[in-house]
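**Student:** This is the structure, below, for whatever I ask next.
The values are calculated or read from the model by the stated rules, or taken from the named source; none is laboratory data. Given the structure is predicted, the values throughout are model-derived calculations rather than measurements. In this analysis, Cβ positions are derived from the backbone assuming ideal geometry, glycine residues included, and neighbour counts consider all displayed protein chains. For accessibility, only protein heavy atoms count, side chains too; no ligands or nucleic acids. Shrake-Rupley method; radii C 1.70, N 1.55, O 1.52, S 1.80 Å.
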Amino acid sequence: QVQLVESGGGLVQAGGSLRLSCAASGSIFSIVTMGWYRQAPGKQRELVATITRGGSTNYADSVKGRFTISRGNAKNTVYLQMNSLKPEDTAVYYCKVIESLQTYWGQGTQVTVSS
């Protein structure tokens, strides 16, 4: 089992920044991909950004140039630096980790951007 602990959400004004963190612990053998997804009220969960074991990144078009995903030195932590936040970025942000053949989700952290 892998446990994910997210932190860093909160309330920020439009144009501001937040940094989300997700730390994975437990029976970790081989993390393949780490990423962030978000779900706004009444909408489906959507991909925000992912990063592979090799460091390749992928971003949703809506966040390109504003958000940056990175991994910590220990490789079991993933960060999401969010700059130039917009009200439409308001959502619950979830960390997702693919470890070996299993997929794990964090509990979610609320990000609210006021206009």
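**Student:** For region 46-61, what are the residues that are over 19 Å from V5 (Cα atoms) and at pLDDT 95 or above?
**Tutor:** Correct list: E46, S56, T57, N58, Y59, A60, D61.
**Student:** N76 fails exactly one of the following numbered conditions: (1) modelled with pLDDT of 95 or more; (2) open to solvent by 40 Å² or more (accessible area, probe 1.4 Å); (3) of a type in the set (S, T, N, Q). What is the number of that condition?
**Tutor:** All conditions pass for N76, except number (1).
**Student:** Right, another one. Among the residues in region 22-42, are any polar (S, T, N, Q), part of a strand (DSSP E or B), touching a Ser or Thr at 6+ places or on another chain (Cβ under 8 Å) and within 17 Å of T109 (Cβ to Cβ)?
**Tutor:** Within region 22-42, none of the residues are polar (S, T, N, Q), part of a strand (DSSP E or B), touching a Ser or Thr at 6+ places or on another chain (Cβ under 8 Å) and within 17 Å of T109 (Cβ to Cβ).
**Student:** Answer yes if at least one residue in region 58-69 is in contact with a strand residue (DSSP E or B) (Cβ under 7 Å, 6 or more places away or on another chain), of a type in the set (S, T, Y) and surrounded by 13 or more Cβ atoms within 10 Å (Cβ to Cβ), and no otherwise.
**Tutor:** The answer is yes; a qualifying residue exists.
**Student:** List every residue pair whose Cβ atoms lie under 7 Å apart, where the two residues are 6 or more positions apart in sequence or sit on different chains, the first residue falls within region 87-104 and is on the phi > 0 side of the Ramachandran plot, and the second residue, located anywhere, is open to solvent by 40 Å² or more (accessible area, probe 1.4 Å) and outside any strand (DSSP E or B).
**Tutor:** Correct list of pairs: S100/F29.
**Student:** Okay, moving on. Looking only at region 84-104, filter to residues that are touching a Ser or Thr at 6+ places or on another chain (Cβ under 8 Å) and within 15 Å of I28 (Cα to Cα); which one of those is surrounded by the most Cβ atoms within 10 Å (Cβ to Cβ)?
**Tutor:** It comes out as V97.
**Student:** Related question: Within region 44-61, how many residues turn out to be touching a residue at least 40 places away in the same chain (Cβ under 8 Å) and in a loop (DSSP other than H, G, I, E, B)?
**Tutor:** The qualifying residues number 1.
**Student:** Let me ask another. Being open to solvent by 30 Å² or more (accessible area, probe 1.4 Å), assigned to a loop (DSSP other than H, G, I, E, B), within 19 Å of E6 (Cα to Cα) and polar (S, T, N, Q) narrows it down to one residue among Q81, Q107; which is it? Show your work before the answer.
**Tutor:** On the way: Q81 fails: assigned to a loop (DSSP other than H, G, I, E, B).
Of Q81, Q107, the one residue that is open to solvent by 30 Å² or more (accessible area, probe 1.4 Å), assigned to a loop (DSSP other than H, G, I, E, B), within 19 Å of E6 (Cα to Cα) and polar (S, T, N, Q) is Q107.
**Student:** Separate question: K64 - would you say it is of a type outside the set (S, T, N, Q), closer than 15 Å to A49 by Cβ and assigned to a loop (DSSP other than H, G, I, E, B)?
**Tutor:** The answer is yes for K64.
**Student:** Of the residues that sit in region 1-48 and are of a type in the set (V, I, T) and closer than 17 Å to E88 by Cβ, which one is surrounded by the most Cβ atoms within 10 Å (Cβ to Cβ)? Spell out how you get there, then give the answer.
**Tutor:** Taking region 1-48 first, the residues of a type in the set (V, I, T) are 2, 5, 12, 28, 31-33, 48.
Next, only the ones that are closer than 17 Å to E88 by Cβ stay: 12, 48.
Details: V12: 17, V48: 24.
The extreme case among them is V48.
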